Amino acid sequence: MDLKIGDIQETALITLAIRASETSRPNARIKDSMAKEIIDTLGVDVSKYDPFMSHEGVVARTIMYKNQLEELISQYPDALCINLGCGFDDKFVQVDNGKISWLDVDLPDIMSVRRKIYQDRDRCLMKDGSAFDAEWTNGLPKRSMTIVVMEGVLEYFTKEQVKTCLNMLCDSFEHGYLLAELHHPLLGKNTKHHDAVKYTNAEFQWGTKSGREYLELEQRMSLVSERSYNEEMRKYSLRAKLFALFFPHLNNRLAVYKW
Ligand SMILES: C[S@@+](CC[C@H](N)C(=O)[O-])C[C@H]1O[C@@H](n2cnc3c(N)ncnc32)[C@H](O)[C@@H]1O
């Protein structure tokens, strides 16, 4: 397949490559049964997208997002869950409780590739859409709580774009939670040194030292929790343990916001 996708969209291949390679390992910490099939269908060589630290980071964050989502879904069993900037990820199968309504949303070029592999399922639909406009939010199933997942997406947005996205979410959904991946400002200045993203044309943008910085952009939101990926990563390797010890604030974080 001739893969024509934009610069940020290309980063979806990184998580895809990592989830496929982890799935094929004995004692895999995460399982993504579709990832290998997607790579084969796309016919792309993704080997360069799977270096050690990114691998460990994506595995850690996949586990942390799943746990966090399951916790929220147990509180709101019929929530509308939205994976905004879903790439090729299939979180629905990981957390489905038989009642949630799920929406996978990404830019049109990624969604047209995604549609070659996935089909709409009962309570799990795909929509073209952007984090910067609300058009895709029209006509969604009505649920009293919305849980929005943005895993590996906001790092590529300027401060102004993050604001546009947060304002759009609060305008579009009366009550919600946002699970957001945040990164340190130093990473924003060092895309070229990132072990996987350096192989793409994407650039990290506005980073934060604290999740509270988002609250200045959208006052309807409050910060529920913020946890470094170090928490999960350091369980598995000496290198990650040392990274957590020497750079406790430099790793990406999972922040949960509520409005
Ligand atoms: C690093 S990938 C992460 C994909 C997926 N969330 C995962 O964890 O596997 C970044 C994703 O953000 C999407 N993206 C970039 N800009 C976007 C926008 N303005 N609106 C929606 N999605 C966007 C890209 O297309 C890409 O799929």
Kindly indicate whether any position in region 58-68 is away from the ligand (no atom under 13 Å from the Cβ) and within 25 Å of Val95 (Cβ to Cβ).
yes
Residue in region 127-140 that is within 16 Å of the ligand (Cβ to nearest atom) and more than 17 Å from Cys170 (Cβ to Cβ) present:
yes
Report the residue count in region 1-34 for those that are of a type in the set (A, V, I, L, M) and assigned to a helix (DSSP H, G or I).
8
Taking region 35-54 and keeping only residues that are crowded, with 16+ Cβ neighbours inside 10 Å, part of a helix (DSSP H, G or I) and in contact (Cβ under 8 Å) with a residue 40 or more places away in the chain, one is left with Ala35, Ile38, Leu42, Tyr49, Met53, Ser54
Quick count over region 91-111, residues being near the ligand (Cβ under 9 Å from one of its atoms) and touching a residue at least 40 places away in the same chain (Cβ under 8 Å), is 5
Close pairs from region 151-163: first in contact (Cβ under 8 Å) with a residue 12 or more places away in the chain and at positive phi, partner surrounded by 23 or more Cβ atoms within 10 Å (Cβ to Cβ) and not in a helix (DSSP H, G or I), Cβ under 7 Å, at least 6 apart:
Gly152/Thr11
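Yes/no matrix, rows are residues, columns are (1) touching a residue at least 60 places away in the same chain (Cβ under 8 Å); (2) of a type in the set (Lys, Arg); (3) over 22 Å from Thr62 (Cβ atoms); (4) surrounded by fewer than 18 Cβ atoms within 10 Å (Cβ to Cβ):
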{"residue": "His175", "(1), (2), (3), (4)": "yes, no, yes, yes"}
{"residue": "Leu178", "(1), (2), (3), (4)": "yes, no, no, no"}
{"residue": "Pro185", "(1), (2), (3), (4)": "no, no, yes, yes"}
{"residue": "Ala196", "(1), (2), (3), (4)": "yes, no, no, no"}
{"residue": "Ser225", "(1), (2), (3), (4)": "no, no, no, yes"}
Counting only residues that are more than 17 Å from Ile73 (Cα to Cα) and modelled with pLDDT of 95 or more, give me the strands (runs of 3 or more DSSP E) lying completely in region 94-213 with at least 2 of them.
101-106, 124-128, 176-182
Return yes when Asn83 is touching a strand residue (DSSP E or B) at 6+ places or on another chain (Cβ under 8 Å), polar (S, T, N, Q) and either under 23 Å from Met111 (Cβ atoms) or at pLDDT 95 or above (or both) and no when it is not.
yes
State whether one or more residues within region 120-133 are buried (at least 18 other Cβ atoms within 10 Å of the Cβ), of a type in the set (Phe, Trp, Tyr) and out of contact with any Lys or Arg (no Cβ under 8 Å at 6 or more places or on another chain).
no
Residues that are of a type in the set (Asp, Glu), touching a Gly at 6+ places or on another chain (Cβ under 7 Å) and closer than 30 Å to Lys142 by Cα: does region 197-217 have at least one?
no
Determine whether Asp90 is of a type in the set (D, E, K, R) and buried (at least 20 other Cβ atoms within 10 Å of the Cβ).
yes
Which of the residues spanning region 55-75 are among the hydroxyl-bearing types (Ser, Thr, Tyr) and surrounded by fewer than 19 Cβ atoms within 10 Å (Cβ to Cβ)?
Ser74
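The values are calculated or read from the model by the stated rules, or taken from the named source; none is laboratory data. Nothing here was measured: the structure is a model prediction, and the numbers come from that model. As a convention, Cβ positions derive from the backbone with ideal geometry for all residues, glycine included, and neighbour counts pool all protein chains shown.
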